[in-house]
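S.K.: First the structure, then my questions, so here it is.
The values are calculated or read from the model by the stated rules, or taken from the named source; none is laboratory data. Just so it is clear, the model here is predicted, and its values are computed rather than measured. Note that we place each Cβ from the backbone using ideal geometry, even for glycine, and neighbour counts take in every protein chain shown. Just the protein is used for accessible areas: all its heavy atoms, side chains included, with ligands, DNA and RNA removed. Shrake-Rupley method; radii C 1.70, N 1.55, O 1.52, S 1.80 Å.
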Amino acid sequence: MSIKDSFQFIADSLVKHAIFFQRFHVQMQLFAIVGTIGLAWLGARWFRSWFSKRFPDVPKRIHRLEQNLSWWHYGSIAIHYLLIPILSLIFLAFVSQLLLLQHWRIGLLNTAIEVLWVYLGYRFLLFSLYSLFPKDIVRQYHLRLLVPIFVLYTLGKVLSLSTNLVQLAQVVPVSLFGSPFTLGHLFVLTFGLYFWVVIVIFLESLFVKILTAGIHLETGPAQATSILLRYGLLGMGIVLILGYVGIKGTAFAAITGGLSVGIGFGLQQVVSNFISGILLLFEGALRPGDIISVEGEISEVKRMGIRATTVRVLRDNSEKIIPNQMFFTKEVTTYTGSDRLTARTIQVKAKSGSDLKLVTDLLLQIAAQYPKVLSDPTPIVSLVGFSDSSLTFELKFWLADPRYDSQVTSDISFEIYRTFAANQIQVS
Amino acid sequence: MKILAKALLSIVLSLTACSTVVWHQPPRAPQQAQGQLLIWHPFENINARIFKDALTEYERAHADVHIVSEYIPEADLSTRFIRQFQAGLGPDLMIDFASEIPALIRAETLQALDQTAISLSSYTPQALTQVRYHGDLYGIPLNSQLRVLCYNQAIVEQSNTAVKATNAGAAHGESSLTAPPTTLEELIQNARAGYSVGMVSTFIDTFWGIQIFGGQLYDVNHRLPFLKGWGEWLTWLRQAANEPNIVLGQQRFVLHDAFTQGKLAYYVCDSTEVADFKQALKDNFAVARLPGEPDHPAGPLLFTRALMLSRNASPTQTRLAYQLAQFLTNPEQQIKSAVQSQDFLPVNPDVVINHHVLPIEAVLLEQAKTSVSISLDDLDKIEPILDQGEILFRQTIIGDITPTEANAQLIQALDRAFDSP
């Protein structure tokens with residue numbers, strides 16, 4: 001179909017629908033559909049109001065479904081949730097029989113009944129999902145997947161009543177890269193891509209759950225793998241969809257080739273970060289959950305994106321978005337490279353003449369009693385210096401998680417001060 | 001954009017005025033045609049273009065009329081029409097074979113036309129009998145189609161040249177090979193002389209030969225079915241099938257392709273195939289009347305396409321549809337369609353075609369004069385007979401039963417169908 005023919009087709013479709021809307025039987029059916037659904041809505045509203053007064057403690061909304069409700073509660077929520085489609089179906093069936101007796105057309109009513117049955121099934125599915133699975137997860141599926149599918153189904157059903165969808169899909173509003181870009185292509189490019197992205201995200205979360213819960217893989221590698229999986233699948237989807245849409249490879253290559261010069265200069269940093277991100281993920285030098293020191297701040301890696309990495313600064317809980325390129329151009333200290341053990345030292349100056357053994361024992365005892373200090377490797381106390389007035393001791397201990405470094409150091413320092421005072425060891 | 005703007009304007013105008021115009025305005029004079037009309041048609045390629053050109057011409061003459069035409073595949077037309085009608089949708093006017101009318105009437109989808117609003121003399125009686133059902137008129141004939149003898153002039157003229165060159169052939173009775181065969185005997189002679197002949201081998205496609213052997217669908221009173229010549233025709237067909245150059249095949253498209261590629265000299269074609277052949281073979285393509293006997297010409301079945309009015313059409317659209325139908329079937333339009341498509345068989349008896357200007361159309365019109373037109377009133381009873389005929393035809397061709405047995409069984413079936421109330 002040429003662009004001119006496409007405009008003609010759209011114009012003809014508009015006139016055709018104007019002709020339909022002029023028809024008495026169409027007007028009557030639309031009025032009947034809107035009227036009965038409106039009546040069902042009012043009926044359901046009245047019922048809910050009566051029910052709330054009669055049983056004020058019973059939950060009515062599906063989002064308030066709890067796991068341990070009684071059957072009575074489940075039933076009441078189900079009635080509330082399914083009442084509108086059920087009433088609409090009853091009223092529409094009744095009205096369609098009435099119209100049939102008058103030998104009026106009921107094809108639109110039949111379609112409305114068909115759509116309402118699907119709607120009832122859809123609501124029942126949602127009710128079952130909310131009853132059986134955690135609400136937050138179901139809500140994601142509900143809003144991102146089920147609602148768009150139902151809306152598309154209804155739209156398709158209504159459009160197919162009066163329009164040849166195959167012909168509609170062939171309408172060419174514009175030409176792209178020398179190829180006709182049809183409404184069908186637009187549909188696949190938008191909705192196809194949307195559903196692909198949604199499905200990939202769900203697959204990714206499922207994958208991470210299986211990896212972390214099922215085979216007890218560390219969160220870091222699991223997340224890195226899922227990111228690679230996500231971008232891999234998304235890239236594949238985009239390539240497939242562009243291929244289906246019919247964008248010519250040669251034209252696409254020529255345009256992207258030309259753009260690449262501009263990209264090279266203008267988006268140099270973005271591209272550099274993008275490549276760095278891929279390298280970081282493949283190299284595995286950094287993983288979500290790692291504790292690193294960046295620009296003098298101890299931070300935890302939260303998320304690794306393809307362009308930037310998000311870290312949480314342990315000092316003030318703020319988050320920093322660090323371009324991936326930085327991990328290749330600046331020195332970064334990681335405390336969790338090969339393992340997560342972190343050694344900390346606290347220096348204490350006791351007054352000259354203090355009992356060396358007592359100080360050593362007290363320090364070891366304090367370290368041993370602190371739960372977050374590891375017993376293996378064992379804490380060590382060393383005498384690292386002395387002078388006329390003081391003896392300098394160093395307590396070295398290991399922590400399993402570097403995030404607790406400041407807190408543990410502070411707690412142990414407090415304890416040393418208190419214990420030394422109790423044992424009359426003077427600190428200089 | 002201009003088209004869209006026009007469409008939007010017409011929607012606004014129609015939505016603001018539609019209901020009142022349809023239901024309360026006094027009837028307009030015919031020359032003040034106004035409104036919108038949705039038409040479904042099964043025309044493809046050149047025929048679709050010709051049809052659209054005709055609609056455009058009508059719109060040009062009636063500035064306030066907007067016609068939207070939609071192509072629907074022929075096989076889907078009536079089923080989709082019924083389905084859409086039941087929703088209050090579908091076209092105001094549909095073009096389909098008249099044989100679909102009974103089913104559409106049973107689905108209560110068609111309007112019985114006001115016979116006083118149409119000039120019935122503008123249509124051939126043969127065409128009218130195919131749109132009249134139990135006394136009411138349910139369609140306005142648009143054009144007809146039938147079987148005719150298509151031939152490749154290049155192959156036939158080669159023969160002509162060869163005969164002239166040797167000059168001996170004529171002495172041996174080969175003069176009959178220089179022109180299309182006019183009798184069955186000549187057809188066999190052509191086949192034996194090496195000119196391949198293709199025939200679609202079904203009961204309906206071979207119906208044309210029954211009349212040659214004295215058989216008729218109707219008797220002199222145009223009432224009782226009468227098919228006694230079928231047995232002899234079957235016998236001839238069985239003998240013809242043994243001729244090496246006569247190809248009887250069930251697949252029309254195979255023979256169609258063979259003729260297009262110049263592998264067949266003669267082919268009993270459907271008139272709807274003419275446009276394809278003309279395009280493929282150019283001036284080498286020609287048609288002739290089907291072979292017959294001087295007193296008993298061939299009688300192919302005539303099929304008529306008609307404009308049918310939906311019961312969903314408003315009174316205004318109905319009036320508009322009458323006008324449009326009369327426009328499409330006026331002699332000028334019918335000749336124009338015939339000139340452009342070359343396979344258009346007019347239904348207006350006032351159409352006069354010059355044999356020299358439009359040789360193909362002239363032959364089609366000539367052939368139509370001896371064609372058999374099944375009236376719509378009889379169609380319900382005859383359709384099962386056609387199915388039965390097809391079964392018996394197949395059994396005879398493969399040798400399961402004799403032509404005489406097949407004929408006797410078909411006549412019994414006909415008698416049963418027409419004797420029953």
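S.K.: Starting from 0 in steps of 5 Å, tell me what percent of the Cα-Cα pairs of region A:141-206 lands in each bin.
M.R.: With a bin width of 5 Å, the distribution comes to 4, 15, 18, 21, 17, 14, 8, 3, 0.
S.K.: Let me ask you something else. In vacuum, with every alpha carbon of region B:313-421 counted as one equal point scatterer, what does the Debye formula give for log10 I(q)/I(0) at q = 0.17, 0.20, 0.22 Å⁻¹? Two decimals, please.
M.R.: -0.89, -0.97, -1.06
S.K.: Sticking with this one: Place a point 7 Å from Cα of A:Gln365 in the direction of its Cβ. Which residues in region A:398-420 have their backbone N less than 15 Å from it?
M.R.: A:415-420
S.K.: Among the lysines in region A:3-171, how many pairs, 8 or more places apart or on different chains, have alpha carbons under 29 Å apart?
M.R.: 5
S.K.: At a 1.4 Å probe, which residues in region A:91-124 are at least 50 Å² less accessible with all protein chains present than in their chain isolated?
M.R.: Those residues are A:Arg105.
S.K.: Can you pick out the pairs among A:Lys349/A:Lys372; B:Lys228/B:Lys336; B:Lys52/B:Lys282; A:Lys302/A:Lys349; A:Lys330/A:Lys396 whose Cα atoms lie more than 31 Å from each other?
M.R.: B:Lys228/B:Lys336; A:Lys302/A:Lys349
S.K.: Moving on to the next point. Given H placed 1.01 Å from N in the peptide plane, which residues other than close sequence neighbours of B:Leu345 have an amide H under 5 Å from its amide H?
M.R.: B:Ser144
S.K.: Determine the percent antiparallel among the DSSP beta bridges restricted to the protein assembly as shown, to the nearest 5.
M.R.: 80
S.K.: Relative to the present Cα-Cα distance, how much length would full extension add between A:Arg48 and A:Asp401 at 0.36 nm per residue of separation?
M.R.: Additional length available on full extension: 121.7 nm.
S.K.: With equal scatterers on the alpha carbons only and no solvent term, can you work out the Debye log10 of I(q)/I(0) for region B:315-379 at 0.20 1/Å?
M.R.: Those come out to -0.85, one per q.
S.K.: Continuing with this model, one more query. Kindly give Rg over Rh for region A:342-422, based on alpha-carbon atoms, with the Kirkwood expression for the hydrodynamic radius.
M.R.: Computed over Cα atoms, the ratio is 0.97.
S.K.: Can you tell me what the convex hull of the Cα atoms of region A:3-171 projects to on average, as an area in nm²?
M.R.: About 12.4 nm², averaged over all directions.
S.K.: Just to verify a number: FRET efficiency for A:Thr378 and A:Phe133, C-beta to C-beta distance, R0 = 45 Å, to 0.05?
M.R.: For A:Thr378 and A:Phe133, the calculated efficiency is 0.40.
S.K.: For all pairs of alpha-carbon atoms in chain A, what percent lies in each bin of width 10 Å, listed from the first bin to the last filled one?
M.R.: The percentages, shortest bin first, are 4, 12, 15, 16, 16, 14, 9, 6, 4, 2, 1, 0.
S.K.: What FRET efficiency comes out for the pair B:Asp64/B:Ala117, r = Cβ-Cβ distance, R0 = 30 Å, nearest 0.05?
M.R.: Working from the Cβ atoms, E equals 0.90.
S.K.: What residues from region A:283-297 fall in the zone where the backbone N is under 16 Å from a label point 7 Å along the Cα-to-C-beta line of A:Thr329?
M.R.: A:295
S.K.: Which far-off residues, 5 or more places away or on another chain, put their amide H under 5 Å from the one on B:Lys228, with H placed in the peptide plane?
M.R.: Result for B:Lys228 returns B:Gln216.
S.K.: Right, another one. Let me test this: with uniform point scatterers at the alpha carbons of the protein assembly as shown, what is the Debye-based log₁₀ I(q)/I(0) at q = 0.07, 0.10, 0.11 1/Å?
M.R.: Reported log10 I(q)/I(0), two decimals: -0.82, -1.19, -1.28.
S.K.: How much accessible area per residue does chain B have, counting only protein heavy atoms and a probe of 1.4 Å, in square angstrom?
M.R.: Using a 1.4 Å probe on heavy atoms only, each residue of chain B averages 44 Å².
S.K.: Counting only protein heavy atoms and a 1.4 Å probe, tell me what percentage of the protein assembly as shown's accessible area is made up of carbon and sulfur.
M.R.: For the protein assembly as shown, the apolar C and S fraction of the accessible surface comes to 60 percent.
S.K.: I've got another one for you. Please give the total accessible area that chains B and A bury against each other, computed with a 1.4 Å probe and expressed in Å² to the nearest 100.
M.R.: It comes to approximately 2500 Å² buried between B and A.
S.K.: May I pose another question? Would you kindly compute the Cα radius of gyration of chain B and its largest Cα-Cα separation (Dmax), both in Å?
M.R.: Reported Rg and Dmax, both Å: 23.7, 81.
S.K.: With the calculation restricted to Cα positions, what are the radius of gyration and Dmax of region A:258-396 in angstrom?
M.R.: Both quantities, over Cα of region A:258-396: 22.4, 80 Å.
S.K.: Using DSSP H assignments, which helices in chain B have an axial alpha-carbon span of 30 Å or above and a mean Kyte-Doolittle hydropathy of 1.0 or higher?
M.R.: Flagged H segments are B:2-23.
S.K.: Can you give the translational diffusion coefficient of region A:280-334 in µm²/s, computed by Stokes-Einstein from the Kirkwood radius over Cα pairs at 25 °C and 0.890 mPa s?
M.R.: Result for D is 223 µm²/s.
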